[in-house]
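Reading through the structure tokens given below for one structure.
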Amino acid sequence: MMRSWDAERIAAQAGAELRAPAGARAGAGGPGPGRVVIDSREVGRGDLFVGLPGARADGGTFAATALAAGAWGVLVAPEHAAILAGTAPGAVLAAAEPLAALQRLATAWRRELGCAVIGITGSTGKTSTKDVLRGMLEPYRPVVATEQNLNTEIGVPLTILGAPAGTAVLVLEMAMRGSGQIAELARIAQPDVGVIVNIGPVHLELLGSIEAIARAKAELLGALPAGGTAVIPAGEALLEPYVRDDLVTVRFGPGGDVDTLPERLTLPFDSAHMRRNALAALAAARAVGVEPAGAVRVALSRMRGQRIELARGIVVINDCYNANPMSMRAALDDLAETARARRVAVLGDMLELGPQEHDFHAQIGEHARAAGVELLVTVGPLAQAAAAAFGDGALALAGAADAARALPGLLRDGDTVLVKASRGVGLEVVAEALADAPGVPAERA
């Protein structure tokens, strides 16, 4: 990380005041921190701890604990810095808004790296697109990509600051729940390439319309520099008003500029939605000068479609990190394409869909029936509409724990089980219960 930056430079780049040039671990002109952390429980020797105020606790109150654990220094609000000044064994940096300071520091480090930055957003599939793109780039460039859910105003700067010197490409997933949030992330990351995977009915409860969702996602295009590259779905009319003449616009998908995957490129999946995401990833790879070939190794992020092989030929598709109508349909289509025997779906509530939430869930029940699902287990009050629309063969349960108890006894040899819901449902306990069930030791495919 910022080993080459001393305490004075870090303070200047963060817009912070250096209250204590501090001690044995962070002398003026000495080496900088090895990494940045925001959880005092994870602090190790040589880390910079940033104490962020939160809804339940103020991280600045743990600054002394972080220093005692060997932190290089702390970046905290002035009232916390005042307590430490003169006694701290590491650097003490004070900023009125520690989060803004963290973000400024990340932007400065992004400039220092001088690498290409690819920002990825979309209503669904942005995580798998990021994972595929990382797999395409890794054989050719030193690449750092978003881990797990570090895709927010806190996670994006932490990802940037975690990139070592010599990084050639940063692949940053960008999430949002309202307008202005993608613009904020882009301001921090300053992407050269912007990828919008798709536009769909997600966060309707907050944004109100599909047009507003497109406008919020298109903030990524608005933030690109002149000459940058915009990667967007072919035929997505909602994004066309935001296409800029001073950008290189690459459309992917049927009828687009990138509409097929090269024969020399081998991917570890066959589903239609994953291959479409791979087209977006391919367009982004080409935008930074990489033409991938051969077998692409893709490590999907946790709970984002991993296949778990159990005994008795049972396969669990653990896709329970999040869900919306678009991703639910894609996952059901993938189940239909890949199941070797009976198709089972465990589907929970899709949240934040607004006034049409009942209709959206009913449509998923109908789609599950059309996709050949033979057993549908729904979890949560909203998902009951999916069970009703599905009809015979549906079992509606109240919560994830109920499904975890019931499902092992419902499965047959050779079943393929899709487990998917919005994150708030906590449906991962179902996948965990199946993997831990007696007599069915799991091996990850």
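Every number in this text was worked out from the coordinates using simple rules, so none of it is lab data. None of the values given here were measured: they were computed from a predicted structure. No Cβ is skipped: glycine too gets one built from the backbone with ideal geometry, and neighbour counts run over all protein chains shown.
If I take the Cα coordinates of the stretch 214-268 and project them onto the principal axes, what are the three extents in Å, biggest first?
That works out to 34, 22, 20 Å along the principal axes.
Within 10 Å of each candidate Cβ there may be at most 11 other Cβ atoms; applying that plus a DSSP loop requirement, which trypsin sites (Lys or Arg not before Pro) in the stretch 303-364 survive?
Those satisfying the criteria are Arg340.
Report the semi-axes of the equivalent ellipsoid for the stretch 7-98 in whole Å, largest first, where each axis is √(5λ) for an eigenvalue λ of the Cα gyration tensor.
Semi-axes, largest first: 17, 14, 12 Å.
Please report the antiparallel percentage of DSSP beta bridges with both residues in the chain, rounded to the nearest 5.
15 percent
So which trypsin sites (Lys or Arg not before Pro) in the stretch 93-191 are both in a DSSP loop and have at most 15 other Cβ atoms within 10 Å of their Cβ?
In loop regions of the stretch 93-191 (DSSP not H, G, I, E or B), the sparsely surrounded trypsin sites (Lys or Arg not before Pro) are Arg177.
Choose one of Ala183, Ala389, Gly32: the residue whose Cα lies farthest towards the positive end of the charge dipole of the chain (beta-carbon charges +1 Lys, Arg; -1 Asp, Glu; about the Cα centre).
Positive-end residue among those listed: Gly32.
Which residue, chosen from Ala401, Met274, Val169, occupies the Cα position most advanced towards the positive end of the dipole of the chain, where the dipole is computed from +1 (Lys, Arg) and -1 (Asp, Glu) charges on Cβ about the Cα centre?
After comparing all options, I get Val169.
I need the fraction of alpha carbon pairs in the stretch 306-444 separated by more than 22 Å, rounded to a whole percent.
Result: 27 percent of Cα pairs exceed 22 Å.
Report the residue, chosen from Gly73, Gly54, Gly166, that carries the largest GNM mean-square fluctuation when the chain is represented by alpha-carbon nodes joined by springs under 10 Å.
In this elastic network of the chain, the residue with the biggest mean-square fluctuation among Gly73, Gly54, Gly166 is Gly54.
What is the percent of Cα-Cα separations in the chain that go past 40 Å?
26 percent
Mind putting a number on the dipole of the chain about its Cα centre? Charges go on the C-beta only, +1 for Lys and Arg and -1 for Asp and Glu, and I need it in Debye to the nearest 20.
For the chain, the charge dipole is close to 900 debye.
Can you put Val76, Val429, Val315 in order of Cβ neighbours within 10 angstrom, beginning with the fewest?
In increasing order of surrounding Cβ atoms, one gets Val429, Val315, Val76.
Divide by every residue of the chain the summed helix terms, -39500 (n - 2.57) for each DSSP H run of at least 4, and state the resulting mean residue ellipticity at 222 nm, rounded to the nearest 500 deg cm²/dmol.
-9500 deg cm²/dmol
If Lys and Arg each add +1 and Asp and Glu each add -1, what is the summed charge of the other residues whose beta carbon sits under 12 Å from the beta carbon of Gly155?
Its environment carries a net charge of -3.
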